[in-house]
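Just so you know, all these numbers are worked out from the coordinates, no wet-lab data involved. The structure presented is a predicted model; accordingly, all values stated were derived computationally and were not measured. Neighbour counts are summed over all protein chains in view; Cβ atoms, including those assigned to glycine, are modelled from backbone coordinates with ideal geometry.
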Amino acid sequence: MYAANFLLLGAVLFSIGVFGVIARRNAVMVLMSIELILNAVNINLIAFALMNDSAEGHVFALYVIAVAAAEVGVGLAMVLMIYRNRRSIALDELSEMRG
Amino acid sequence: MMLAASASTGWFLENAFLIPLIPAIGFAIIIGFGRRLPKGGSEVGIASMALSLAIAIGATVQWIQRVGSVDEGSGEHALGGVFGFARSVFPTATEGGHGGEAYVEPVIRSWTWWQSGGLEFGLGQHIDGLAVMLLLLVAFISLLVQIFSTEYVAGDRRYTHFFAALTLFSAGMLVMVLAENMIQLILGWEIMGLCSFMLIGHWWEEEANSRAALKAFFTVRVGDMGLLVGTAVIFFGANQWAVENGSNGFSIQAISGWAMSGEASTSVLFWGAVALFIACIGKSGQFPLHTWLPDAMAGPTPVSSLLHSSTMVVAGVFLVARLYPVFYTGFDIGGTNVNLIAVIGAITIVIAAALAFVQNDIKKVLAYSTVSQLGYMMLGLGVGAWLPAVFHIFTHAFFKCCLFLAAGSISHSGSHHSFDMKKDMGGLWRKMPITAGSWMISTAALCGVPFFSGFFSKDEIIDNAHNNGYTFFYYVGLVGAAMTAAYMTRATYLTFFGTARGAAAGEHHDEHEAHDTAAHHDDHDADHGAHGADHHDDHHGAHAGPHESPWRITAPLVILAALAIGSGYLNAPAVGTHYFTDWVEPRGAAVELDGYASDEGHSEALGLAALPRAEEGYSEGCGYTDPSPGTVCYAPKLNHAEFSWGKAAPSIILVAFGIGISAWLSLGVFGGRRNPFVGLTRRFAPARWIHTLLVRKYFLDDLYERVIVRSVAHPISKAAYWVNQNILDGVVNGVGKSGRSAGDWVYRNVDQRVVDGAVKASGVVASESGHALQPIQSGRVNQYGALLFGAATVGAILLILLNI
């Protein structure tokens, strides 16, 4: 088994995702980065499931995919609304919630 | 403990670990009590080095006896003994047949330092010819340098610290030299890095000095990354083989055996060797990381002398020599291909020698000369001339130490603390005959004049390059020899001949700040009052002028000058001596593995077929063929060139030519004789360009500082500054503010309305801490994300740490 390779791939994807979330200004890009993070988790789940010969990891990965789809749906809707109201989806301009 | 019956041993060999331990304890004593001792700690330093030297001499004698006993007893089948975990790597001598060929087993001892993840990290000693030679050399040179220093830095305000650092520095080198495993080697290597930083920056009041110290430290750090990476690569490559043979992948003995076993993956060996060699480039000042070495001249002269002769810069060469099997097989040195070590060595020889021509600072000439000579050592190792290269370490240490101490003597007594050859020297040989004499002898040795020590080592490197088929590097070596002779002649002329200038003529300088060692000089001014008026006059009276140095400076010079001639005869083929070859060179003979189980899995553990070189010039033995099952090689069998005067003639002629041309030019340019080359750089544009290129040191410093440092370090520091200002400061200030206001409030109201106050106070605290945390609530999603992931990272690290 090349479990280490899968885990490495997961770690790399995760890191790219984190970088995207932190560094990107465009809300759509941030959503896509979150997707990367979720998929990194999926890869880890599947890798461990294969290592341990159990189906639970696969099931969980399917759940994650479903939740991710929902999350993207809600997220994109929000982005759309924000764009309609402000003509911009740059996240650093969205600081009304500043305390 | 048991040892092989055929190899004699003794107390000194078995307890050689005391050699670094004594200076290390000496360092602790100096740093703890040095200021209270009558001589400021210098007596502890000298005593510990003398004791180390005594043990090193004992170990040397017993090692020579051991080699002798092996040579007599070889052929007999002797049973080997063992210590500790190195059980079955420990060999017994079986092959060899005639004297001088049998493997001499090193004296290895090891103690567990710490354990982690099922791995044992040991501290110990690996005493073989190379280690014994360097132990003796380092202890000896350190002792002389410390004696020299008692006079040279007398009255310095950090006298005690100077000796403490000097002693620790020697201890670091000694630890590294007898390292039993890579971890211990790294330990010694890093101690030296730290001490070189402290010593180069000894007079840190001058900004230039502390900059030079930082530059030395950081430049060497760049290379040190290679050491860590290389050690890791080699460990992962060698560990399986080593564990099968009862050792581990850090043991130097095991790594050597693994590298020669033919089972090692060639790409692991190659990349491991490349990474380790990068470390050597940094430490030994090879191109392109040589730039720190000349700047390291900012340190006191005894430090330069110690750094450049037997410690610090030799560490890189030592590493290559110590792990030679890794480099030999990794770079395929036996195969006459061009390899990294030889190329870097050759480049270094030529560019450093060229730079030495345009220096006005006498110590910088010597510094570039060191770089160039280190290039020779690397070249020697790169072309398979292990022994000449190691012998060059030995001879070079004596004459280079002597040259630096002579430069120190000149600045101390001759040129009023100036190192500028053009401004403050000239005609000094009449005033300082002992210094001048030892300088000349050492210069002759450095240039490779026949019958001086440098000739016997350097010429052997050049000859062996030719003999092993590296024709191009043979010519590079010859050109380098001529250049060496030429720049040393120039420096000698400027310093000792011609008309006396500046301080050498007895002029008293007022602009102290102009000198390299202004801080040092001010210390002298400040402290010499307490030393007696006569002493003071010797140094600073306008009427005194240059004079010979006191005995504590001249005695080391004379001893070193004698060795600059004498040390060469330990291995002078011209007069038929070859002690060094017998005692120091590891013999490339296959030895039987103790407790080898002749099962199948072993030989195909890594599934790599042995590749005997069946081409032309096929030979048998370690390094040519893989050892047969059940035996192991610890060193490659190397060719030795036969010496003949006919083969030495080209280099002798070129050296004579270099000296002659340079003397003629020096007389013209500096002495006022007329010849067509005077003013060439003013009249002829290409010559001027070359001169500028050399004066600016090939623009390498500009490249490193302007381009690399700016493009990498500045964005990072800017980002760190932003985080510091906006996030950390906000939190810290906020917390501080809320704490202070809460404290004020309690202080004022603690007597009145306690309950009411408490309710109010909690309100204030909540509000204040809310304000304090306000900057974090910036409303920016990205920043929230960064905080979230940062916190998760910290949490994960904590979990990992706590789990162990």
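As an exercise: evaluate A:ALA27 against (1) more than 18 Å from the chain's Cα centre (by Cα); (2) within 14 Å of chain B (Cβ to nearest Cβ) and give the number of the one condition it does not meet.
Result: A:ALA27 fails condition (1) only.
Please find, within the stretch B:731-748, the residue that is nearest to B:ALA772 (Cα to Cα) out of those that are surrounded by 13 or more Cβ atoms within 10 Å (Cβ to Cβ) and either free of Cβ contacts under 8 Å to residues at least 12 places away in the same chain or within 52 Å of the chain's Cα centre (by Cα) (or both).
Applying the filter and picking the extreme gives B:GLY734.
Between residues in the stretch B:769-780 that are more than 15 Å from B:GLN725 (Cβ to Cβ) and within 8 Å of chain A (Cβ to nearest Cβ) and residues that are aliphatic (A, V, I, L, M) and part of a helix (DSSP H, G or I), which pairs lie under 6 Å by C-beta distance while being six or more apart or on different chains?
none
Considering (1) within 14 Å of the chain's Cα centre (by Cα); (2) closer than 25 Å to B:PHE398 by Cβ, say which one B:PHE197 fails and leave the rest.
If we test B:PHE197 against (1) within 14 Å of the chain's Cα centre (by Cα); (2) closer than 25 Å to B:PHE398 by Cβ, just (2) comes out false.
Among the numbered criteria (1) within 30 Å of B:SER767 (Cβ to Cβ); (2) away from every other protein chain (no Cβ under 14 Å); (3) not hydroxyl-bearing (Ser, Thr, Tyr), which single criterion is violated by A:MET97?
(2)
Check off (1) away from chain B (no Cβ under 14 Å); (2) closer than 27 Å to A:ASN42 by Cβ for A:ARG87 and give me the number that stays unchecked.
Of everything listed in (1) away from chain B (no Cβ under 14 Å); (2) closer than 27 Å to A:ASN42 by Cβ, A:ARG87 misses just condition (2).
Run B:ALA796 past the list (1) within 14 Å of another protein chain (Cβ to nearest Cβ); (2) over 17 Å from A:ILE37 (Cβ atoms); (3) assigned to a helix (DSSP H, G or I) and report the number of the one that doesn't hold.
Only one criterion in (1) within 14 Å of another protein chain (Cβ to nearest Cβ); (2) over 17 Å from A:ILE37 (Cβ atoms); (3) assigned to a helix (DSSP H, G or I) is unmet by B:ALA796, namely (2).
For the stretch B:109-151, give me each residue that is closer than 17 Å to B:ALA254 by Cα and without any contact (Cβ under 8 Å) to a residue 12 or more places away in the chain.
Within the stretch B:109-151, B:THR112 is the sole residue that qualifies.
In the stretch B:274-352, which helices (runs of 4 or more DSSP H) lie fully inside it and hold 2 or more residues that are out of contact with any Cys (no Cβ under 8 Å at 6 or more places or on another chain) and not hydrophobic (A, V, I, L, M, F, W, C)?
Here the list reads B:292-295, B:301-309, B:324-330.
Could you tell me which numbered condition A:ILE82 fails, if it satisfies all but one of (1) within 14 Å of chain B (Cβ to nearest Cβ); (2) within 18 Å of A:PHE14 (Cα to Cα); (3) crowded, with 17+ Cβ neighbours inside 10 Å?
(2)
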